[in-house]
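**Student:** Just passing along the structure, written as structure tokens.
The values are calculated or read from the model by the stated rules, or taken from the named source; none is laboratory data. Source: prediction; values computed, not measured. Cβ sites come from the backbone with ideal geometry, for glycine too, and all protein chains shown count toward neighbours. In case anyone asks, the SASA skips ligands and DNA or RNA and just uses the protein heavy atoms, side chains included. Shrake-Rupley method; radii C 1.70, N 1.55, O 1.52, S 1.80 Å.
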Protein chains: 2
Amino acid sequence: MVAHRSDKATENMQRGEVIIADEPTPPDDNRRTCDAIIRSIRPIAKEIQPAAQRKIDEKTKPLGALGQLEDLALQMSLIQKRLDPVINRKALFVFASDHGIAAEGVSAYPAKVTGEMVKNIIAGGAAINVLCRHYGIDIRLVDMGVNADFEDNPLLLKEKIRRGTRNFAVEEAMTPAECTAAAAAGMNAFLREHTLNSIDIVGLGEMGIANTTSASAIISVVTGISARQATGRGTGVDDKGLARKTTVIEKAIQFHHPDPRDGFDVLRKIGGYEIAGIVGAVLAAASVGCAVVLDGLISTAAGLIAFVINPEIEGYLMSGHRSVEAGQQAALTHMGLEPIVDHRMRLGEGTGAAMAISAVEAACRIMCEMASFDDAGVSKNE
Amino acid sequence: MVAHRSDKATENMQRGEVIIADEPTPPDDNRRTCDAIIRSIRPIAKEIQPAAQRKIDEKTKPLGALGQLEDLALQMSLIQKRLDPVINRKALFVFASDHGIAAEGVSAYPAKVTGEMVKNIIAGGAAINVLCRHYGIDIRLVDMGVNADFEDNPLLLKEKIRRGTRNFAVEEAMTPAECTAAAAAGMNAFLREHTLNSIDIVGLGEMGIANTTSASAIISVVTGISARQATGRGTGVDDKGLARKTTVIEKAIQFHHPDPRDGFDVLRKIGGYEIAGIVGAVLAAASVGCAVVLDGLISTAAGLIAFVINPEIEGYLMSGHRSVEAGQQAALTHMGLEPIVDHRMRLGEGTGAAMAISAVEAACRIMCEMASFDDAGVSKNE
């Protein structure tokens, strides 16, 4: 249930204060929350790019020899508007939800696995828990619409909109009110944590059986690639399953005709609650100047919707890893992003983002700690 | 100066004990050290592969969904002969030396940069220092043959064979005695540290102006690719410099005719002292069951020589990162290795290896800490 938020509360939230009340939030308030956050996003500090690039080029190494680490150091400098970017707090949110489209037999796993995996994550046993522990990343799980109940836990943020989206093969996945509620919930989940303890970089992962079907459909609509090009095997469907999944996506797009220039229209018709939550978290993070690391296919599809909603987020976005799902590449190309790691992973949960966050941290430390030619008395090239 | 080692001492060293004396080591002793280490290498524990694979497949994720992390978890299990591989101590050695071949104008940087960069590393200001601090890796620098003098420092291991190799455009880079002394020094550098505090994974980097010329020549000889295919821009030579470098390599190979089946012959004729040091460290690490992470072009060329000397090391080897130098790929293909990270880096020092070590550590933690379907009560696929 999304917390009630008055106009005053929306203003407070923009200043980083969050007020939670018990009544359900009126739909207009969620719309206002979304609008306020979306409008408050400012581009990164491109004006310091020459100074940041000069600092990188003065480091004791051949020009450009640290490759992508240099790009990340530069990006973090522009995001933080300082030549010594730092990462004090790293966070990762796993948004979870069930999907009505699972009824079409598009996944290799039964839908109940969403809830079972949420419990696994809360208990600390999933891959994303292990990686977050390894890299010192604070993990939070946001129940956006899982068809199961969970006991209270400090890790768990309860924002359940409904027990799974509607089946978008036959109707729109969400009502307009549910869609803005889900996006606002994602914003609030991020901003609440950020207010408690400032987050410098956030990874965004997900859990939701059948959500690659939704993500592939979104990427097909927004980038214009065919459903066939956008669709992969997800958790591992066979050839027959892949053909069925592709047909489901093709028919759904023909049926709903989502407007590729209207992020909320796409999200509502063929999206998912956890995808909406990520959209909200991306926009909220960008609005407070926090770097955003996307994960695999689903997280990237959500990033793509956020990008359609406000392209100013571009400078805050990073791609955590290259998924084996081909649709992801089309979305990355659309946003001009290059993945940071590539371990042939296809798990989601934020696992690729977690690994990438450590590389971004290394890039920041390079920027801050590595000696210049002058500092070290090293000769330059001839 | 390589420490004197009696036959008794060589036996002790094999048991992990190292005895250091003051007199220079007679060449025969170095040869015996090398032979003993090379003969003591045992293949990894392939017999536990089915059990290790089963454990990985039982984890709460679609089959194979963690991609390369699963391969690394499996490899570490076989190296450590246990289903719960652990990394307690991570170390990285930077082997440094000057090269006579620098006189041929094959580098964009003056030769004195080798010594200057060694001082930078000892002072903690180089990229490799920053990355080792970030990933909690113990760094050691081994002076194998730098044309400069350094003050004592706990980081620095003094194993200087000579102030730079001979110019292999006109004569063999090393004498046979220097070559075995350098390889034995690399073995001893690793084993000494390992004896003090057991090393579970070691990264091997280097510093040495002009050493990409040596590395490309080695890769051309061993893999059979042409000098042109094996040669890249190193620290950044221009088109004219690249053409000159390629010609130098072609002529040197014609002149020396190194035997591609004889690692020491290749090493002696066209190698470098720091390359020989890495060869020794690879062999020594494999002999005590320590995982080895190679770095870029030069480190990989050294790994290739170690592989020629004893192919049993194969199971202990990992490729830290994909270098932008094309020759590296040929060497990796020859050894059947897949790089762990790819950040378009071309710095050397061990920077790619350092980043990869953290991923290997993550893989071990996945193997040890991630829940199985049974542990977590998660349903399997249908």
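**Student:** Looking at (1) under 21 Å from residue A:268 (Cα atoms); (2) at pLDDT below 95, find the lone condition where residue A:147 falls short.
**Tutor:** (2)
**Student:** Continuing with this model, one more query. Just give me the residues in the stretch A:323-366 being more than 9 Å from every other protein chain (Cβ to nearest Cβ), outside any helix (DSSP H, G or I) and open to solvent by less than 30 Å² (accessible area, probe 1.4 Å), in sequence order.
**Tutor:** A:323, A:325, A:337, A:339, A:350
**Student:** Shifting gears a bit: Can you name the residue in the stretch B:41-60 that is crowded, with 16+ Cβ neighbours inside 10 Å and over 30 Å from residue A:321 (Cβ atoms) and is also farthest from the chain's Cα centre (by Cα) among such residues?
**Tutor:** It comes out as B:45.
**Student:** Output the qualifying pairs, or none if there are none: Cβ atoms under 6 angstrom, residues six or more apart or on different chains, first residue in the stretch A:235-264 and farther than 21 Å from residue A:302 by Cα, second residue open to solvent by 60 Å² or more (accessible area, probe 1.4 Å) and not in a helix (DSSP H, G or I).
**Tutor:** A:242/A:233
**Student:** Determine which member of the set B:83, B:78, B:74 is among the aliphatic types (A, V, I, L, M), over 30 Å from residue B:160 (Cβ atoms) and part of a loop (DSSP other than H, G, I, E, B).
**Tutor:** That would be B:83, the only listed residue that is among the aliphatic types (A, V, I, L, M), over 30 Å from residue B:160 (Cβ atoms) and part of a loop (DSSP other than H, G, I, E, B).
**Student:** Which ones in the stretch A:365-374 are touching a Ser or Thr at 6+ places or on another chain (Cβ under 8 Å) and either within 12 Å of residue A:62 (Cβ to Cβ) or without any contact (Cβ under 8 Å) to a residue 40 or more places away in the chain (or both)?
**Tutor:** Residue satisfying the conditions is A:373 alone.
**Student:** Can you confirm whether the stretch B:105-120 contains a residue that is open to solvent by 20 Å² or more (accessible area, probe 1.4 Å), in contact with a helix residue (DSSP H, G or I) (Cβ under 8 Å, 6 or more places away or on another chain), more than 14 Å from chain A (Cβ to nearest Cβ) and acidic (Asp, Glu)?
**Tutor:** no
**Student:** Just to verify a result, which residue in the stretch B:255-282, among those that are of a type in the set (Phe, Trp, Tyr) and closer than 23 Å to residue B:41 by Cα, is most open to solvent (accessible area, probe 1.4 Å)?
**Tutor:** So, considering only residues that are of a type in the set (Phe, Trp, Tyr) and closer than 23 Å to residue B:41 by Cα, the one most open to solvent (accessible area, probe 1.4 Å) is B:264.
**Student:** I want to confirm something. Restricting to the stretch A:45-60 and keeping residues that are in contact (Cβ under 8 Å) with a residue 60 or more places away in the chain and assigned to a loop (DSSP other than H, G, I, E, B), which single residue is farthest from the other protein chains (Cβ to nearest Cβ)?
**Tutor:** A:58
**Student:** Still on this structure: Taking residue B:131 and the conditions (1) out of contact with any strand residue (DSSP E or B) (no Cβ under 8 Å at 6 or more places or on another chain); (2) open to solvent by 10 Å² or more (accessible area, probe 1.4 Å); (3) modelled with pLDDT of 95 or more, which numbered condition does it fall short on, given that it satisfies the others?
**Tutor:** (2)
**Student:** Could you tell me which residue of the stretch B:61-88 is nearest to the other protein chains (Cβ to nearest Cβ), considering only residues that are crowded, with 18+ Cβ neighbours inside 10 Å and closer than 16 Å to residue B:194 by Cβ?
**Tutor:** Among them, the one singled out is B:87.
**Student:** Are there any helices (runs of 4 or more DSSP H) wholly within the stretch A:244-313 with 2 or more residues that are closer than 24 Å to residue A:351 by Cα, and if so which?
**Tutor:** A:273-287, A:297-309
**Student:** Looking at the stretch B:367-382, which of its residues are part of a helix (DSSP H, G or I) and open to solvent by less than 10 Å² (accessible area, probe 1.4 Å)?
**Tutor:** Once the filter is applied, which keeps residues that are part of a helix (DSSP H, G or I) and open to solvent by less than 10 Å² (accessible area, probe 1.4 Å), the stretch B:367-382 yields only B:367.
**Student:** Can you run down the residue pairs with Cβ atoms below 8 Å, 6 or more apart or on separate chains, where the first is in the stretch B:164-190 and farther than 21 Å from residue B:252 by Cβ and the partner is open to solvent by 10 Å² or more (accessible area, probe 1.4 Å) and among the aromatic types (Phe, Trp, Tyr)?
**Tutor:** Note: pairs meeting the criteria are B:180/B:264.
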